[in-house]
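A short worksheet on the structure shown next.
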Amino acid sequence: MAAGTALEAMTMATAQEIAAEEFSAVVTKHRPQIFRFLLSSTRDVDLAETLTQECFLKAHRHWGSFRGESSAMTWLMRIAINLQKDHWRNRRLQFWRKTRTNAVELDEASDWLPSGERSVEQQLLARERVAQVGKSVEGLSERQRTVFLLRYVEELELSEIARATGLNEGTVKAHLSRALARVRGELGGKR
Amino acid sequence: MSFKDKTDAVSVVGEELSPELDLALREFRQSVHAWSEAAYSQPRTAVATGRRKQVWRLAAGWALSGVLIAGVVSTGVWEHHRQEMRMAAARVAEYERLAAEQRNQQARQEDEDLLAKVDSDVSRGVPSAMEPLAQMMAEDEAK
């Protein structure tokens, strides 16, 4: 009886160790991507880092309930999207907080555009295009923006976006189409 | 469909992507990735700052503890010193009281001795002093 209890305790400890190792591997693998998605959504490095930490904290708490029905990345992305949603909701309530102290306009993301083998003029044009897309993305609705970023920045498949957002594929397609139309329209208007 | 190295002209939503839009989306993705990679190193600095903060907090904690311990010890020492002083003062006061009592007793003794001496002198002197008076009284009676 006692030997059985000791064995159970050892098995539980081993299972916990394995779970901790698995979770650690998940963090290492997906943290940059989650951070990137939150950064492109919030355009605030500090906020993106905070939300990323919250995301993994939440994931850690519920790691035991993760059944692996979707990929860990989709599951994490879903948590990140919900955290981001909560953040925007709070921001809407605190409408008087108009100024973002640490926010970086997405235009500045264009500063990070790899120069490649382009001429200075081409680089300037590319920066302008990136800034324009950024501005268009900023004008999208929250859902359209999420879907757009997941598709065109994170390169997720429609089915993955659907799982991460909790929408069906048709709705995802519709949001994506509208977002794309808006970006296209604004880019076209610019030229 | 991947944007990594190919610019497919058809989006997942089944719409034709113009080369311009495709290029713009690709550049946008590249810039966000590069920005994110650069920013991703920042949180590690923040962690280091956090650690530094922790070290400072630890040092401040130790310093505060030191000050508290020093305060407690010095208060104890001061209290002990005050008690010693009080006891010494009590001892001195007791000694002075005893000395004063002794002095008073001595003075009382001296007074008593003096009075006793005066009394004996007077008692010895009175009979001779009374003699002429007694003689006069005896003469009057004879008459």
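The values are calculated or read from the model by the stated rules, or taken from the named source; none is laboratory data. Bear in mind that the values here come from a model prediction, so they are computed numbers and not experimental data. All Cβ positions, even for glycine, are placed from backbone atoms using ideal geometry, and neighbour counts span all protein chains on display.
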All but one of (1) closer than 30 Å to A:Gly188 by Cα; (2) at pLDDT 90 or above hold for B:Trp35; which doesn't? (2)
Look at the stretch A:154-189 and say how many of its residues are at the interface with chain B (Cβ under 8 Å from one of its Cβ atoms) and touching a Phe, Trp or Tyr at 6+ places or on another chain (Cβ under 7 Å). 2
Please verify whether the stretch A:110-122 includes one or more residues that are modelled with pLDDT under 90, buried (at least 20 other Cβ atoms within 10 Å of the Cβ), within 12 Å of chain B (Cβ to nearest Cβ) and in a helix (DSSP H, G or I). yes
